[in-house]
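S.K.: Pasting a structure here, questions to come.
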């Protein structure tokens, strides 16, 4: 009995040691990541203790890393400032994800006004490890919509990075760290990756790609490329690899890389190419293409518990344009609308022409504030066309829009979202015709 207790105790100790090492590797990775950020940044544990900072954060506060590590914000900032930050931190830990807010910060030369971008991260053992904070000092400059949008994108990309595959290798190409997401992509556990050579997970026909990437990193060159990996079940999975060199002292110390599984996207692109799901006039997705991609994106959004917005758009008075200028003029109007939609929305959004004068956009990871920004950008580009090109084109453009935002728990299908957004679009169109200049119907949920 004593023998078994000692054996179990030894096994428990070994298991704890394994996870402790994995957590230390995670800390090392996050420190490497914030060290290359241009903005002040830090990360801290759920108790609020700083575990790592970069030089920008230390310079802003006028404190050394030694003065900050193991301390809380209450140890380095006045009480009236601390309370607001602690409330935000508590809210973020209770509902993990990311958060953007403005707040004062006591810097070395006085109080600064700062935009804080905070995101939680998960440790290899599955527990919330704490949060990463990125700062944008706006004390000496006016905040513009463009800056806020850039920060939002930066925050989104940080969150996305932390939920994708993260790996570190040594100078010999062996994995020294792999997060849960990276291992899950291959159907294995992190411990089954650590210590093994990266080439052992890649089919032989892909080895030249890996060797060329390694040569570039030894020279200090980062890279972004597609690479096929072998899943545990024997299937081939296509990853987008974004990697750069790790430097130890003045020598090459290995690679830091982010892995994104794009297998489903590649298959979808092949299907779309085969089915010719593009509208010939506008080059946007036609109804079939839009529905195919939108349904796939809704499944992804449901799995990741993300909000999705669907915009239903109708070109106002297209019949009048056709009647006055002919169908060629009407076709040009539709092509101009398509061009404006492409420029107004993000690359990740799905834009399609459903038929006639009706268009639709599926915007991923969207809040009401984001929809308002996108709608404002669309109206600005319509106004720009009308002021610069309408005289030459022989027509001006106006669009009625209905917006429906689907919550993560909402089971609404693409067809149901289209129906609800279509109803809201016609409410706005009726308001225009009746001369009601009040605010058009906002996004519905």
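S.K.: Please compute the length gained on full extension between residue 319 and residue 230, using 0.36 nm multiplied by the number of residues separating them and subtracting their Cα-Cα distance.
M.R.: Between residue 319 and residue 230, full extension yields 26.5 nm more.
S.K.: Also, I was wondering about something else. By how many nm would the segment from residue 211 to residue 31 grow when fully extended, if each residue of separation counts as 0.36 nm and the alpha-carbon distance is taken off? Let's see the in-between values first.
M.R.: Numbers: separation 180, 0.36 × 180 = 64.80 nm, distance 2.69 nm.
Extra length available between residue 211 and residue 31 comes to 62.1 nm.
S.K.: PRE reach from residue 137 (point 7 Å along Cα→Cβ): which of segment 54-73 fall under 17 Å by backbone N?
M.R.: Label zone hits: 54-65.
S.K.: Right, here's the next one. Output the peptides 322-328, 403-409 sorted from most to least packed, where packing is the average of other Cβ atoms within 10 Å over each peptide's residues.
M.R.: The packing order, highest mean first, is 403-409, 322-328.
S.K.: Describe numerically, in nm with one decimal, the distance between label points set 7 Å from Cα along Cα→Cβ at residue 171 and at residue 81.
M.R.: With each label point 7 Å from Cα toward Cβ, the separation is 4.2 nm.
S.K.: Report the FRET efficiency, 1/(1 + (r/R0)^6), for residue 184 and residue 218, where r is their Cβ-Cβ distance and R0 is 45 Å, rounded to 0.05.
M.R.: In this case the efficiency is close to 0.95.
S.K.: Per-residue counts of other Cβ atoms within 10 Å, averaged by peptide: what ranking do you get for 260-267, 330-337, highest first? Walk me through the intermediate numbers first.
M.R.: Details: 260-267: 15.2, 330-337: 18.6.
So the order, starting with the most tightly packed, is 330-337, 260-267.
S.K.: Between segment 200-239 and segment 324-379, what is the separation of their alpha carbon centroids in Å?
M.R.: Answer, in whole Å: 38.
S.K.: Hey, with R₀ at 41 Å, roughly what FRET efficiency would residue 276 and residue 431 work out to, going by the Cβ-Cβ distance, to 0.05? Working shown, then result.
M.R.: Details: r = 38 Å, r/R0 = 0.93.
The pair residue 276/residue 431 has a calculated efficiency of 0.60.
S.K.: In nm, what is the difference between 0.36 nm times the number of residues separating residue 346 and residue 416 and their Cα-Cα distance?
M.R.: That pair, residue 346 and residue 416, stretches by 22.9 nm at full extension.
S.K.: Turning to a different aspect of this structure: FRET efficiency for residue 64 and residue 127, Cβ-Cβ distance as r, R0 = 35 Å, nearest 0.05?
M.R.: Numbers: r = 29 Å, r/R0 = 0.84.
Result of the calculation: an efficiency of 0.75.
S.K.: Related question: Where in segment 208-232 is the amide nitrogen less than 19 Å from a point lying 7 Å along the Cα-to-Cβ axis of residue 266?
M.R.: Once the point is set 7 Å along Cα→Cβ of residue 266, 208-214, 223-232 turn out to lie under 19 Å by backbone N, inside segment 208-232.
Coordinate-derived values only; no laboratory data. Small disclaimer: the values here were computed from a predicted structure and weren't measured. Please note: Cβ atoms are built from the backbone with ideal geometry, for glycine as well, and neighbour counts cover all protein chains shown.
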